[in-house]
Amino acid sequence: MADIKRLKVAVLIKRFVPTGGAEKYAMEVTRRLALHHEVHVFAQEWSFEGEEKISFHRIPRYVGKPTWINQLLFSHHTCREVRNRFDIVHSHEKVTCFDLMTVHSPCFRSYLSQETRKGKKILSWLTAAFSPRKLGWLWLEKKQFAYHPERIFIAVSEWVQKDVQANYPLPEQSFCIAYPGADAYTKRDLPGGPDLKELRSKLSLAPDDPVFLFVGTEFKRKGLDALLQALALMGSSNARLLVAGGGGGKMGKYVELTRKLGLNEQVFYLGLVENVEALYALADALVLPTLSDPWAMAPVEAMLSGLPAAVSSAEYCGAAGFIKDNEALIIKDPTDPREIAKTLRKLTDAGLRAELSRKGRVLAAGLTWKKTTENTLSAYHEVLRRKGRAQSP
């Protein structure tokens, strides 16, 4: 961090809050940037209690829905606010004015271009041609990923970079990788940690109940459907599943699915949880059969805490590409409840969990927010060099 003098940096993100993957990434990197640089956050809402000095600027939100209109307006207003006023404009959102963008999600265009059935693909594109929503997202994304020699895109995983390059002709030099970090405070052996007995009692968990944890707000995309079905197939009445996340407005649907599967006594919906580290300490294993995830922070944070993890393969989850030596169990097909049920049964083996805990903690310790921030600053340095404004210490 010492090779760049103090910079004036604009950070663009609609919600500067500690919950949510992209939001948490933005907050963790931004607060570390603020230790050495002048940082201004342009957002529609924020919730920040850190000691770092950060200036906040409110971007109006005229409409909440449709989201694509709000996104276009956010892009328009931030462009007016930041143009020619900052050394670096760093966006975590789909916008048109920026120097550097962290890409947290797959392209909108992927949902159209990746369809393999010819008839379905033609229909998808025809539908898009008459949909203001789809045309709006496609237009904004095309402007965002237009090649500019001075711009850099930070992908949160190789999975994300490959997805972007499959849809837009950007060269390798337009990209760098900055994996999300993991918080050291989630380690369950820290003194003053949560009272596990009290938490288990509060949730009516017996000492020998196997407790699985699912963390994710978008239940469908994160694979909760198949996980619930797998729990029913597992055939263990004392197995418990803790579900942390808001459900993306679909909580009622999943509560009903739980009832239909006869799992009312086994599944606990906890809603949005800010101190998720307490759940990492409480559970026996984290299971995330995600269907589409550029990275997925929860498995890495869980592994750092010493909690064994099971996660979808690299085809579905960017973080799985980081797992090289059986540091976690890999779910090859997260749409198959039978495979997930087998994974749950494996995780009832205390010996296997101990091995996964040891290996996973070592692997995850190499991912820190400090390293993420250092990679981000290296990208800043490269942007300044390309602009002919490279700084010496």
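Hey, does segment 46-56 have a residue that's small (Gly, Ala, Ser) and out of contact with any strand residue (DSSP E or B) (no Cβ under 9 Å at 6 or more places or on another chain)? Checking segment 46-56: at least one residue is small (Gly, Ala, Ser) and out of contact with any strand residue (DSSP E or B) (no Cβ under 9 Å at 6 or more places or on another chain).
Matching residues to (1) outside any helix (DSSP H, G or I); (2) of a type outside the set (S, T, N, Q); (3) under 21 Å from residue 209 (Cα atoms):
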{"position": "233", "(1), (2), (3)": "no, yes, yes"}
{"position": "241", "(1), (2), (3)": "yes, yes, yes"}
{"position": "248", "(1), (2), (3)": "no, yes, no"}
{"position": "301", "(1), (2), (3)": "no, yes, no"}
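Of the residues making up segment 138-173, those that are surrounded by fewer than 19 Cβ atoms within 10 Å (Cβ to Cβ), polar (S, T, N, Q) and farther than 22 Å from residue 291 by Cβ number 1.
Got a sec? Which of 244, 230 is small (Gly, Ala, Ser) and modelled with pLDDT of 95 or more? Talk me through it step by step, then tell me what you get.
Numbers: 244 fails: modelled with pLDDT of 95 or more.
Matching residue, one of 244, 230: 230.
Please go through segment 44-69 and give me each residue that is buried (at least 17 other Cβ atoms within 10 Å of the Cβ) and farther than 25 Å from residue 378 by Cβ, ordered by number.
Listed by number, the residues that qualify are 44, 46, 59, 68.
Residues of segment 184-211 that are modelled with pLDDT under 70, assigned to a loop (DSSP other than H, G, I, E, B) and surrounded by 10 or more Cβ atoms within 10 Å (Cβ to Cβ): 187, 188, 190, 193, 194, 195.
Can you confirm whether segment 323-337 contains a residue that is part of a helix (DSSP H, G or I) and at pLDDT 95 or above? Checked segment 323-337: at least one residue is part of a helix (DSSP H, G or I) and at pLDDT 95 or above. Restricting attention to segment 127-137, does a residue exist that is under 19 Å from residue 13 (Cβ atoms), modelled with pLDDT of 90 or more and buried (at least 17 other Cβ atoms within 10 Å of the Cβ)? Yes: segment 127-137 contains one or more residues that are under 19 Å from residue 13 (Cβ atoms), modelled with pLDDT of 90 or more and buried (at least 17 other Cβ atoms within 10 Å of the Cβ).
For segment 5-52, the tally of residues that are within 18 Å of the chain's Cα centre (by Cα) and part of a helix (DSSP H, G or I) stands at 11. Filtering 327, 315, 355, 382 for residues that are surrounded by 16 or more Cβ atoms within 10 Å (Cβ to Cβ) and without any contact (Cβ under 8 Å) to a residue 60 or more places away in the chain leaves a single hit, 327. The residues of segment 270-293 that are over 26 Å from residue 351 (Cα atoms) and hydrophobic (A, V, I, L, M, F, W, C), listed by number, are 270, 272, 273, 291.
Among the helices (runs of 4 or more DSSP H) lying completely within segment 100-149, list those that include at least 1 residues that are in contact with a Ser or Thr (Cβ under 6 Å, 6 or more places away or on another chain) and in contact (Cβ under 8 Å) with a residue 40 or more places away in the chain.
On the way: elements: 110-113, 118-129, 132-144.
Counting at least 1 such residues, we get 132-144.
Among the residues of segment 76-93, those that are in contact (Cβ under 8 Å) with a residue 60 or more places away in the chain, over 20 Å from residue 382 (Cβ atoms) and assigned to a loop (DSSP other than H, G, I, E, B) comprise 85, 93. Applying the criterion of being touching a residue at least 40 places away in the same chain (Cβ under 8 Å) and of a type in the set (Lys, Arg) to the residues of segment 335-352, the residue that is nearest to residue 287 (Cα to Cα) is 345. Could you tell me which numbered condition residue 295 fails, if it satisfies all but one of (1) modelled with pLDDT under 90; (2) in a helix (DSSP H, G or I)? (2) is the only condition that residue 295 fails.
The values are calculated or read from the model by the stated rules, or taken from the named source; none is laboratory data. Values in this document were obtained by computation on a predicted structure and should not be read as measured data. Every residue, glycine as well, gets a Cβ built from its backbone with ideal geometry; the counts of neighbours run over all protein chains shown.
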